[in-house]
Amino acid sequence: MMAITRKKVLKKITFLFIILLLLSNLSCSVFQTMSNIGRLKFKLGNVSNFTLSGITVSNKSRLADFNALDLLKLSSSFAQRNFPVSFTLNVEAVNPNDGTGGYPSTNATLKSFAWRLILDNKETVTGNIAQPVTVPGTGQAAIIPLQVNMNLISFFKEKGYESLINLALNLGGKGGSASQITLYAKPVISTMLGDLSYPQELKIIDYEFTK
């Protein structure tokens, strides 16, 4: 009778040990996954769909590329102190949780991406993503499109007509880039354990990923 009881106790201890071992491994896996998700990397990509006062500038590189009607519209807008630009700033995101290191590949879902935009060393507009964005656990860059709208004159009152047009061309014209933009963003990532918010803003630029 005593031997049977001891066998039962040993079986229970063995069972509990296995459960604790599995939980420990699961805990390590969850921790590693959470840690990797928290190390998402970001970089500014290209600027697309750029318009100035409703005029597409993606096929233009200098003031002479605008036709007479375009120039009439631009000069009228400038005279009214209303020089609206609209464009998409494409942010590249890389998810390091790609399945290497013995842990499963896990997608990361950006629930929020509150941002503020610095243009030509001047703080301008703020915004957020319109809907959640999934960054797949493949190690390849995913695109987070940010819609930006502003009146250039509101932020660059000191610049003249041609200077503002050149600024627009440098951003969204032929051969344009995001080199004059710095983005500050605070991502919030949806996880199995709840939302994971970055403790502080990330500085995102165009020539390297965040570290």
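Computed from the coordinates by the stated procedures, all read-outs in this text should not be read as laboratory data. Because the structure is predicted, anything quoted here is derived from the model rather than measured. When we count neighbours, we look across all protein chains shown, and the Cβ atoms used for this are built from the backbone with ideal geometry, even at glycine.
What net charge is computed for the residues neighbouring Ile204, neighbours being all others with C-beta under 13 Å from the C-beta of Ile204, Lys and Arg scored +1, Asp and Glu -1?
For residues surrounding Ile204, the net value is +2.
Going by a ≥ b ≥ c, the root eigenvalues of the Cα gyration tensor, does the range 39-204 fall in the rounded group (a/c under 1.5), the prolate group (a/b larger than b/c) or the oblate group?
In terms of gyration-tensor shape, prolate.
Taking the Cα centre of the range 39-204 as origin, sum charge times position over the Cβ atoms of Lys and Arg (+1) and Asp and Glu (-1), and report the length of that vector in debye to the nearest 20. Let's see the in-between values first.
On the way: 15 positive and 10 negative charges, 31 e Å.
My answer is approximately 140 debye.
Looking at this model, which pairs from Lys41/Lys186; Lys111/Lys211; Lys122/Lys157; Lys43/Lys186 are more than 19 angstrom apart at the alpha-carbon?
In this structure, Lys111/Lys211 exceed 19 Å between Cα atoms.
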